[in-house]
Amino acid sequence: MFNAKSLLDSVIGQVNQVTGGKIGAQGADGLGQKAKEMWGGQSALGKGAIAGGLMGILMTKGGRKILGTGAKVGGAALIGGLAYQAFQDWQAGKAITAEPGPLTLPQPQGTAFLPTDPAQANDLSARLLQAMVAAAKADGHVTADERARIDGQLSALGLEAEASALIAAELDAPLDPGRIAALARNEAEAAEIYAASLLAVDSDGAAEKGYLAMLAARLKLDPGLVAHLHAKVALV
């Protein structure tokens, strides 16, 4: 198994290394060029972070939620914290309200939301990555030009072969919310898969709304929990 947790952390938590948390006028293409310019002087760890940032840019195609995030934590911690907080609020019957100030999330280490066992954490991260790539296709399909661009970037950045294969396989697979829902092994993971999918899409788009509704139904998520997940992700 490739280091899925590190890659997930890069895709979300390290996007800010390239973007500063903002797209601005330069757009995704400009960000990709900026990352390439940074590439030569980076350590192996730095290159992994930039690879994650470029993957985030490519998967979001320039205008999805993840590129606007101000999150400073890694992907596994962000998704786990969002899902855990939404789950706790839902179980407590809390009202869904806007929360002023910066987003603060619990870190539920040792729970199903954020396993401490490295193998379990890595396995969950791989499934969350898969869900995010699938969600990125929800607005229609990946065009031939987009696919060629993604393939070229993945090849140039030298990701682990298994990581590239997972991304390519998911891009090639038919969009099927039932298949993605089957990745969840318990209620906590179901909430996380939905949260990860929310981070990867523009949830206001008609096609994306349809996909998310079908995914929530296949995951058997309570509508109240879904509403709390939307509220938490909206704060990111």
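Mind telling me which of the residues Ala234, Ala213, Ala195, Ala168 ends up being of a type in the set (Gly, Ala, Ser) and either within 18 Å of Phe113 (Cβ to Cβ) or touching a residue at least 24 places away in the same chain (Cβ under 8 Å) (or both)?
The match here is Ala195.
If you take the residues of region 172-197 that are under 11 Å from Ala138 (Cα atoms) and within 17 Å of the chain's Cα centre (by Cα), which of them is most open to solvent (accessible area, probe 1.4 Å)?
Among residues in region 172-197 that are under 11 Å from Ala138 (Cα atoms) and within 17 Å of the chain's Cα centre (by Cα), the one most open to solvent (accessible area, probe 1.4 Å) is Leu175.
I need the full set of residues from region 68-103 which are at pLDDT 85 or above and basic (Lys, Arg), in order please.
Lys94
The rows are residues; the columns are (1) modelled with pLDDT of 80 or more; (2) touching a Phe, Trp or Tyr at 6+ places or on another chain (Cβ under 8 Å); (3) under 21 Å from Ser6 (Cα atoms); (4) assigned to a helix (DSSP H, G or I).
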position	(1), (2), (3), (4)
Gly140	no, no, no, no
Leu154	no, no, yes, yes
Ala195	yes, no, yes, yes
Ala207	yes, no, no, yes
Leu225	yes, yes, no, yes
Lys232	yes, no, no, yes
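Across region 104-135, what is the total count of residues that are at pLDDT below 90 and crowded, with 21+ Cβ neighbours inside 10 Å?
Number satisfying all stated conditions: 5.
Can you go through Arg147, Arg218 and tell me which one is open to solvent by 60 Å² or more (accessible area, probe 1.4 Å), over 20 Å from Ala77 (Cβ atoms) and touching a helix residue (DSSP H, G or I) at 6+ places or on another chain (Cβ under 9 Å)?
Of the residues listed, the single one that is open to solvent by 60 Å² or more (accessible area, probe 1.4 Å), over 20 Å from Ala77 (Cβ atoms) and touching a helix residue (DSSP H, G or I) at 6+ places or on another chain (Cβ under 9 Å) is Arg218.
The values are calculated or read from the model by the stated rules, or taken from the named source; none is laboratory data. It should be emphasised that the depicted structure is a prediction, and the values quoted were computed from it without experimental measurement. Backbone-built Cβ (ideal geometry, glycine too); neighbour counts: all protein chains shown. Note: areas computed on protein heavy atoms with side chains; ligands, DNA, RNA excluded. Shrake-Rupley method; radii C 1.70, N 1.55, O 1.52, S 1.80 Å.
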